[in-house]
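The values are calculated or read from the model by the stated rules, or taken from the named source; none is laboratory data. Worth saying up front: this structure is predicted, and the values here are computed from it rather than measured. When we count neighbours, we look across all protein chains shown, and the Cβ atoms used for this are built from the backbone with ideal geometry, even at glycine. Areas reflect the complete protein model, heavy atoms only, side chains present, ligands, DNA and RNA absent. Shrake-Rupley method; radii C 1.70, N 1.55, O 1.52, S 1.80 Å.
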Amino acid sequence: MSKIVPSDPSGSLVERLDLRPVGSGPLDGTTFTVKDNIDVAGHQTSYGSPAWRDGHAAPVHNAVCVDQLLSAGAQCVGKVVADEFTYSLDGESQFFGTPRNARAPDRVPGGSSSGSAASVANGLAQFSIGTDSGGSIRVPASLCGLWGMRPSLHRISEAGVLPFMPSVSTVGVLAAHFEHLDAAARVLLRSGSRAVAPLRRLLLLADAFDICDEAVREQANAALHRVSERTGIPLETVRFSEIAGEGLPLGDCNDKALRDLQTAEFQSTIGNWIETAKPELGTTFTLAYGNVQRFDRLAALDSLVRCERFFEAINAFLPAGVVICFPTTPVIAPLKGTLTTLDRVLDFYDRTMTITAFAGVGRLPEISAPLLTVNDCPVGLSFAAGHYQDEFLLASVRQLLGVAG
């Protein structure tokens, strides 16, 4: 196992830092951590892999998103664990250990922004920046009972962020409280005083509910109906086939679009280095990487086209003023060490990514809110809006949930 930071019961820290603010602004007095695929000047970036860390020099410059936060008054207190090459949603690392899920210590924290979630949930920082392709911010936010925001694709600078899946990956935020999520997101988004449309419609994505465990489905339904009753905004039910047409199921977002694109891009962004450097790989990652090695790249070309068609259809269905809702994850966090059989892995990953791929291919902003509790474990309820409607989504979530200003 790689180096562990002493006196860190959360198990989330790769390095303890004390980077003081270089300016003053809306984040004055706040602290944050940085997922270890995001560069901090003078500190090697591991990408969740000791071999990658040891094979690359420390960066000279911070990632642009880190500089934005320091300039706005925030203090960086650490770099935190990422799943190996960020190619995971469970948060268990052979090299760095499994960061502690504060709300369910016997369960996984979710990944790949596992350390980001654990550092916030365990009180080391008020917010953390991570990355999200197939759900790597939203899943740990859901499983650890945090706020998590995946912004619109490429709204936040990715300069100094190690690549995973450029067509879908984005920097985002996890926080214990909405006010910190909102403030950090607006700094990174460079929001200014951008006007937003009024909230007019609230949609429930039925396909996502269908694949959830019954208890998650019931809790999410009840929560959304309470939101509707409190705000007076009717809750409308829609299916993915109404959005994309042709009777297509929600699962096509993952099975026929995002998954192939992810695999092909990973071959180009990381696979080339793995094939030439021959690094030590974790056992679980090795199994997943076998699929990458066997993948037919030409198959991804159809997925590229399909992703574009889904993007067009989803955003035509979500004009300004519309929010669509669904459980962030279909299940509570699995117990640690239980994702060891193919059936269990497929059940967790396939169902979860069926939901998370919707915002991925739609390039949508999505906020996971810590609203649900099932068997004493947290589950997030997600709210999404059209591409580049990030400020509208932040304002709408504040309105819908009655979050104090």
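Brief remarks follow.
- Filter result (surrounded by 24 or more Cβ atoms within 10 Å (Cβ to Cβ), in a helix (DSSP H, G or I) and in contact with a helix residue (DSSP H, G or I) (Cβ under 7 Å, 6 or more places away or on another chain)) within region 354-373: I355, T356, A357, F358, G360, V361, G362
- Summed over region 284-343, residues that are hydrophobic (A, V, I, L, M, F, W, C), assigned to a loop (DSSP other than H, G, I, E, B) and either open to solvent by less than 50 Å² (accessible area, probe 1.4 Å) or closer than 17 Å to V168 by Cβ (or both) total 6.
- Total residues in region 99-112 satisfying the condition of being buried (at least 24 other Cβ atoms within 10 Å of the Cβ) and either closer than 19 Å to F178 by Cβ or of a type in the set (G, A, S) (or both): the figure is 3.
- Region 29-50 residues that are of a type in the set (F, W, Y), paired with ones that are at pLDDT 95 or above and part of a loop (DSSP other than H, G, I, E, B) (beta carbon under 9 Å, 6 or more apart): F32/A74; F32/A125; F32/Q126; Y47/D36; Y47/N37; Y47/H56; Y47/A82
- Considering (1) more than 21 Å from V173 (Cβ to Cβ); (2) at pLDDT 95 or above, the lone condition that Y47 does not fulfil carries the number (1).
- All positions within region 271-282 that are within 14 Å of A51 (Cα to Cα), assigned to a helix (DSSP H, G or I) and open to solvent by 40 Å² or more (accessible area, probe 1.4 Å): W273, E275, T276, A277
- Qualifying residue in region 37-50 (condition: buried (at least 17 other Cβ atoms within 10 Å of the Cβ), under 30 Å from D350 (Cβ atoms) and among the aromatic types (F, W, Y)): yes
- Residue count, region 378-391 (criterion: open to solvent by less than 10 Å² (accessible area, probe 1.4 Å) and of a type outside the set (G, A, S)): 6
- Residue match in region 134-146 (condition: open to solvent by 10 Å² or more (accessible area, probe 1.4 Å), over 21 Å from R363 (Cβ atoms) and within 14 Å of the chain's Cα centre (by Cα)): yes
- All told, A159 meets the bar of being open to solvent by 20 Å² or more (accessible area, probe 1.4 Å), in contact (Cβ under 8 Å) with a residue 60 or more places away in the chain, closer than 25 Å to W52 by Cα and aliphatic (A, V, I, L, M).
- The set of residues in region 195-207 that are among the small types (G, A, S) and in a helix (DSSP H, G or I) contains only A206.
- Every condition in (1) part of a helix (DSSP H, G or I); (2) over 30 Å from E236 (Cα atoms) holds for G192 except the one numbered (1).
Each row is one residue, and each column tells you yes or no for (1) surrounded by fewer than 24 Cβ atoms within 10 Å (Cβ to Cβ); (2) closer than 30 Å to A300 by Cβ; (3) among the basic types (K, R); (4) in contact with a Cys (Cβ under 6 Å, 6 or more places away or on another chain).
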{"site": "S114", "(1), (2), (3), (4)": "no, yes, no, no"}
{"site": "A121", "(1), (2), (3), (4)": "no, no, no, yes"}
{"site": "P163", "(1), (2), (3), (4)": "yes, yes, no, no"}
{"site": "V171", "(1), (2), (3), (4)": "no, yes, no, yes"}
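- Long-range neighbours under 6 Å by Cβ, at least six apart or interchain, first residue of a type in the set (D, E) within region 263-275, second open to solvent by less than 30 Å² (accessible area, probe 1.4 Å) and not in a helix (DSSP H, G or I): E265/M165
- Whichever residue in region 145-172 is at pLDDT 95 or above and of a type in the set (V, I, T) and, among such residues, is nearest to D260 (Cα to Cα): T170
- Helices (runs of 4 or more DSSP H) wholly inside region 43-153 that include at least 2 residues being touching a helix residue (DSSP H, G or I) at 6+ places or on another chain (Cβ under 9 Å) and not aliphatic (A, V, I, L, M): 64-71, 114-121, 138-144
- Matching residues in region 193-247 - criterion: being acidic (D, E), out of contact with any Pro (no Cβ under 9 Å at 6 or more places or on another chain) and either open to solvent by less than 50 Å² (accessible area, probe 1.4 Å) or over 15 Å from P327 (Cβ atoms) (or both): E229, E236, E242, E246
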